[in-house]
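Chemist: Below you'll find the structure I mean.
The values are calculated or read from the model by the stated rules, or taken from the named source; none is laboratory data. Please read these numbers as outputs of a predicted model, since none were measured by experiment. Virtual Cβ from ideal backbone geometry, glycine too; neighbours counted across all protein chains shown. Just the protein is used for accessible areas: all its heavy atoms, side chains included, with ligands, DNA and RNA removed. Shrake-Rupley method; radii C 1.70, N 1.55, O 1.52, S 1.80 Å.
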Amino acid sequence: MHSIERNIKLDKRGAEKRKEEEWEYDTPERLKPAKEQRRRRRKLKMKIKVYLQMLKEEVEKKKVSVRFLDIEATLIVVVHEQKLKEFLAGGGKQGEFKCNELDIELSIINPLWSIFNKDLVFILVHHGVSHHYTLVMIHNRDRCFYHLNSMLPPRKDYSTDTNIHFKNAMGVVKHIMVFVKRVYDSTIYPLSQELDPEEWRENYGEQDSQGIEVDGYLMTSVKEKRTRRGMLDQNIYQARY
């Protein structure tokens, strides 16, 4: 009798938890009360902090170098790609779309200069419409990208064409490859003023209707030099991930 009651209580708790998770992940932010949104954002940030610490500890046990990119950085990319999709659907041309390029430069491209050379780079992907996040992993040892998603549907129902989490992750990878191409281009197109590309790189600090513009040059740090040299030695652009 007691075991039956216990099972009923567990089933009820499980049902309540599933209902809460479905509401959290499936309800658009604009339909959630502001107070509830703030509470859930704080809860998410705490979960992410704990998760990343556990992930870092586990990875470091395997004696590999690892770095992380901030989750808010990918939200900028997701919004950019969503607006691009709407622009193209409305009859716009790919090369004419300009939106958030400078934000992407500052939040994605710039940090990669210092962390891309690590064995593993973990990038949390914020999907905008819910508190669910997934993980893109740059695996420089295997020379590939991985996308980790705890909410994948059953294999029979899965399609990369309809899975929004996978599409958003591919949007992030697209902008990572912009960074990779830029490093490669530095070996072909010399910087103005005959600056040594080993010591200097372009700084994109302005944006107009035509997109981002070079706003001077930055002296590369020791980490950035190491990243550039490692990427070129491994021929990452020509032998793509």
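Chemist: Within segment 102-128, count every residue that is modelled with pLDDT of 85 or more and either of a type in the set (Asp, Glu) or assigned to a loop (DSSP other than H, G, I, E, B) (or both).
Modeler: So the answer is 6.
Chemist: Please go through segment 101-124 and pick out each residue that is within 13 Å of Leu75 (Cβ to Cβ) and of a type in the set (Ser, Thr, Tyr).
Modeler: Ser107
Chemist: While we're here: Does Glu213 satisfy being of a type outside the set (Val, Ile, Thr), open to solvent by 80 Å² or more (accessible area, probe 1.4 Å) and modelled with pLDDT under 85?
Modeler: No; evaluated as a whole, the condition is false for this residue.
Chemist: Does Phe166 fit the bill of being among the aromatic types (Phe, Trp, Tyr), open to solvent by less than 60 Å² (accessible area, probe 1.4 Å) and either assigned to a helix (DSSP H, G or I) or at pLDDT below 75 (or both)?
Modeler: Answer is yes for this residue.
Chemist: Let me ask something additional. Do you know which of the residues in segment 43-52 that are at pLDDT 70 or above and over 18 Å from the mean Cα position of the chain (by Cα) is nearest to Val121 (Cα to Cα)?
Modeler: The residue in question is Val50.
Chemist: Continuing with the same structure: Can you pull out every residue in segment 80-108 that is open to solvent by 50 Å² or more (accessible area, probe 1.4 Å) and more than 20 Å from Tyr204 (Cα to Cα)?
Modeler: Gln82, Lys83, Lys85, Glu86, Phe87, Leu88, Ala89, Gly90, Gly91, Lys93, Gln94
Chemist: Does Leu124 satisfy the condition of being farther than 23 Å from Phe145 by Cα and in contact with a strand residue (DSSP E or B) (Cβ under 8 Å, 6 or more places away or on another chain)?
Modeler: no
Chemist: Let me ask something else. Could you go through segment 136-146 and let me know if any residue there is in a loop (DSSP other than H, G, I, E, B), modelled with pLDDT of 80 or more and open to solvent by less than 30 Å² (accessible area, probe 1.4 Å).
Modeler: Yes, some residue in segment 136-146 is in a loop (DSSP other than H, G, I, E, B), modelled with pLDDT of 80 or more and open to solvent by less than 30 Å² (accessible area, probe 1.4 Å).
Chemist: Identify the residue in segment 184-210 that is surrounded by 15 or more Cβ atoms within 10 Å (Cβ to Cβ) and charged (D, E, K, R) and, among all such residues, is modelled with the highest pLDDT.
Modeler: By that ranking, first place goes to Arg201.
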